[in-house]
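Notes follow once the structure below has been shown.
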Amino acid sequence: MELSLRLKTIANMVDKCYACADIGTDHGYIPIYLISNDICKKVIASDINKGPINKAKFNIKSEGLDKFIECRIGSGLTTLKSKEVNCAIVAGMGGNLIKDIVEEGKDIFKDLDYLIVQPVQNPEIFREYVYNNGYKIIEEELCVDENKFYEIIKVKYSKKSTKIDNVFYEVSKYLLENNHPLIKEYILKKIEKNNRILIAITEDTKLAAVRREEVKRKIFKLKELLEWL
């Protein structure tokens, strides 16, 4: 079974451990990879819907791994018991939904060594939540899969608050400081996107004027980040 680059990048951020949970497992590809590559001894694969779980069960059984991977139906981290796994993955959902999943399952999140998240959109929403709640970003990754950028964030519970410039909700400070090979291309892509937004704001209203200024400030901040590189 060959994983997409996005899924492989996520799976390879899991440290070797006894047990991991894959929340929103879909077809069960990550759990199969984690067991097959001896990264984990046990994986809990959960999803809120029965359809994906049935697909995951079929794939897991086809690989002969049903003794090592347990499938559960339920919402987010609530399918787990405290300290049942070392770490968890929440991938393929929007930043707002991931934020809600972490908030809802905060007691479980507190006991994890770390949580790996991969927002398919609005990663800045999740980063803002992390920094404003004093959680700690351990590591971040960036990959391009089928011409789309994906950000993967490894975070752990912490009570220490971190004040940070808002631009680092948009672009990972970790990736900048570590000069990730894709970070310059990613920032340029964001600048290009915001320039398109700016051109599209054509209304002659106060609200439009405010929006234009916001986008201009964002473009200025993003261009400043290029000086780090």
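The values are calculated or read from the model by the stated rules, or taken from the named source; none is laboratory data. Values in this document were obtained by computation on a predicted structure and should not be read as measured data. Every residue, glycine as well, gets a Cβ built from its backbone with ideal geometry; the counts of neighbours run over all protein chains shown. Heavy atoms of the whole protein, side chains included, go into the accessibility calculation; ligands, DNA and RNA do not. Shrake-Rupley method; radii C 1.70, N 1.55, O 1.52, S 1.80 Å.
In whole angstrom, how long is each semi-axis of the equivalent ellipsoid of the range 80-125, when you take the square root of 5 times every eigenvalue of its Cα gyration tensor and sort them from largest down?
20, 10, 7
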**Message:** Quick one: 3J(HN,Hα) in Hz for the range 120-131, Karplus 6.51/-1.76/1.60 with θ = phi - 60°, rounded, Gly and Pro as x.
**Reply:** 7, 8, 6, x, 5, 5, 5, 4, 4, 4, 4, 5
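Given the pairs 136/216; 154/216; 193/216; 184/216; 42/173; 83/154, which are separated by over 22 angstrom at their Cα positions?
From the list (136/216; 154/216; 193/216; 184/216; 42/173; 83/154), the Cα-Cα distance tops 22 Å for 136/216; 154/216; 42/173.
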**Asked** Could you state the principal axis extents of the C-alpha atoms in the chain, from the largest down, to the nearest angstrom?
**Response** 61, 38, 34
**Message:** Can you tally the net charge around residue 210? Count Lys and Arg as +1, Asp and Glu as -1, for every other residue whose Cβ sits under 14 Å from the Cβ of residue 210.
**Reply:** +2
**Request:** Pull up all non-local amide H partners of residue 86: gap of 5 or more, or a different chain, and H-to-H distance under 5 Å with H placed in the peptide plane.
**Result:** 19, 20
**Asked** Heavy-atom accessible area per residue, the range 51-171, 1.4 Å probe: how many Å²?
**Response** 49
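Between residue 213 and residue 165, what length comes free when the chain is fully extended (0.36 nm per residue of separation minus the Cα-Cα distance, one decimal in nm)? Each step should come with its number before you reach the end.
On the way: separation 48, 0.36 × 48 = 17.28 nm, distance 1.77 nm.
Here the segment from residue 213 to residue 165 would lengthen by 15.5 nm.
For the chain, which longest stretch is free of loop sites, where a loop site is one of the GluC sites (Glu not before Pro) that DSSP puts outside H, G, I, E and B and that has at most 13 other Cβ atoms within 10 Å?
Here the longest segment lacking exposed loop sites spans 3-145.
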**Fill in**
Those trypsin sites (Lys or Arg not before Pro) from the range 147-182 that are DSSP loop and have at most 14 other Cβ neighbours within 10 Å turn out to be 159, 160, 163
**Asked** What shape does the range 61-189 have by the C-alpha gyration tensor, where a ≥ b ≥ c are the square roots of the eigenvalues, rounded means a/c under 1.5, and otherwise prolate means a/b greater than b/c and oblate the rest?
**Response** oblate
**Fill in**
Checking 94, 51, 24 against a Gaussian network model of the chain (alpha-carbon springs below 10 Å), the top fluctuating residue turns out to be 51
**Message:** Given a 1.4 angstrom probe, I'd like the percentage of the accessible area of the chain that is carbon and sulfur, rounded to a whole number.
**Reply:** 48
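Please say if the range 113-190 is rounded, prolate or oblate, where rounded means a/c under 1.5 for a ≥ b ≥ c the square roots of the C-alpha gyration tensor eigenvalues, and otherwise the choice is prolate for a/b larger than b/c and oblate otherwise?
Prolate shape, in that a/c is at least 1.5 and a/b is the bigger ratio.
Computed over the Cα atoms, what is the radius of gyration of the range 18-95 divided by 2.2 N^0.38 Å, N being its residue count?
Taking the Cα Rg and dividing by 2.2 N^0.38 Å, one obtains 0.97.
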**Item:** Mean separation of Cα contacts under 8 Å (6+ apart) over length of the chain, as relative contact order %
**Value:** 14
**Request:** With N denoting the number of residues in the range 1-55, provide Rg(C-alpha) divided by 2.2 N^0.38 Å, to two decimal places.
**Result:** 1.06
**Message:** In whole Å, what are the extents of the range 43-131 along the principal axes defined by its C-alpha atoms, from largest to smallest?
**Reply:** 41, 27, 18
**Complete:** So, relative contact order of the range 1-79 in percent, Cα under 8 Å, 6 or more apart, is 30
**Request:** With θ set to phi - 60°, apply the Karplus curve 6.51 cos²θ - 1.76 cosθ + 1.60 along the range 23-29 and write out the HN-Hα couplings as whole Hz, x wherever there is a Gly or Pro.
**Result:** 8, x, 5, 6, 8, x, 5
**Asked** Tilt of helix 50-62 relative to the longest C-alpha principal axis of the chain, in degrees (0 to 90, nearest 10)?
**Response** 60
**Item:** Base-10 log of normalised Debye intensity for the range 133-229 (one unit scatterer per alpha-carbon) at q = 0.17, 0.18 Å⁻¹
**Value:** -0.86, -0.93
